[in-house]
């Protein structure tokens, strides 16, 4: 059983154009020469797990360095802070992931707010916000879900009332990742109670600057003991018309653009830079990482890696991992897609369940030691696998629950009858 990855072609994939191949070579050379030193503190498993200012500042500095080197915002026009290249962000993302460098922390800004602003924003909004998103000068969060409007996003009740040339916002958002650090929020509000969809408008609102002045942020404690999520209360936040993204009543369309990118279907339709690119391969929390864990763990008096049933389980997970990698490569080539939206939408669904299954198997390999807290020096692999298993449930809920994702695929891709 070999957990090593397939050898990488030094020249890059055969589908690279000449410009892309040259760009890939520059990315590899820069990443090899500029890997940041490991910090003297534990890094989170992913962007939504950032819990301390020192974690954020370390990761923000890394994103800024990658941006300055041209690895972030590659496909955005130069006037908006990008490099104006053609389909090179995909190349940079692939190289950052393969190099195992730290992830990019501004996940909402890069993967959701940026594409929404690029598609629907005014020229002034694009010039104002996009450069800061790409360079991580400003951190973003997303105000969509509410206590009574999770899966049914069109039922949001946070209300923005027009008062002359300003809007007064009152309501309650929940599960808001990174709100405790965010400078800005993309916010879906109701502006007309008479229409479910046409009564929604989309705003860009300040969070850090308004905290305590119309905005209250309350941390939510997860079952991991961490505080990655928050609830945000709007108690009369005032913004002017320049905060609208799209026109009044056009919020549903802007929200669909946002969700398209959040669910991974965005790179074919707009410049996009997914947050979270990177990660330390030595601490891989996918199926390939199970191989090393099995080799150094014991079960029933023998090495776990020598147990046939467990070996078969790990290999099946690795086959799923390879299949997803092939799907991702296919999704990057428009000519290979009969239904472009399908591949990206199914990837989030399948990846979230794969990572959850891998973490569950890891806990089975560790046995009783998987109950040790990550702060316990005796916890195998620093306690990261049990933490990954607990966190995996958030991944199956985020960006639309997996049940909703299956409904979308069934109705929009397969043409099945609409669920009731």
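List of remarks:
- Filter result (at pLDDT 95 or above and surrounded by fewer than 14 Cβ atoms within 10 Å (Cβ to Cβ)) within segment 150-161: 161
- Matching residues, segment 18-41, being in contact (Cβ under 8 Å) with a residue 12 or more places away in the chain and assigned to a loop (DSSP other than H, G, I, E, B): 34, 35, 36, 39, 41
- Lone unmet requirement of (1) modelled with pLDDT under 80; (2) not in a helix (DSSP H, G or I) for residue 345: (2)
- Meets criteria (in contact with a helix residue (DSSP H, G or I) (Cβ under 9 Å, 6 or more places away or on another chain), part of a helix (DSSP H, G or I) and under 22 Å from residue 257 (Cβ atoms)) for residue 351: yes
- Selection count where residues are within 22 Å of the chain's Cα centre (by Cα), modelled with pLDDT under 90 and buried (at least 16 other Cβ atoms within 10 Å of the Cβ), scope segment 284-323: 7
- On the stretch given as segment 241-258, residues that are out of contact with any helix residue (DSSP H, G or I) (no Cβ under 8 Å at 6 or more places or on another chain) and farther than 14 Å from residue 191 by Cα total 1.
- Any chance residue 162 is free of Cβ contacts under 8 Å to residues at least 24 places away in the same chain and either over 27 Å from residue 222 (Cβ atoms) or in a loop (DSSP other than H, G, I, E, B) (or both): no
- Taken over segment 130-149, the criterion of being over 30 Å from residue 70 (Cα atoms) and under 18 Å from the mean Cα position of the chain (by Cα) is satisfied by 144, 145.
- Residue tally, condition surrounded by 15 or more Cβ atoms within 10 Å (Cβ to Cβ) and part of a loop (DSSP other than H, G, I, E, B), over segment 366-391: 3
- Residue among 400, 394, 415 that alone is touching a residue at least 40 places away in the same chain (Cβ under 8 Å) and part of a loop (DSSP other than H, G, I, E, B): 400
The values are calculated or read from the model by the stated rules, or taken from the named source; none is laboratory data. Note that this is a predicted model, so its numbers are computed, not measured. We place every Cβ from the backbone using ideal geometry, glycine too, and count neighbours over all the protein chains shown.
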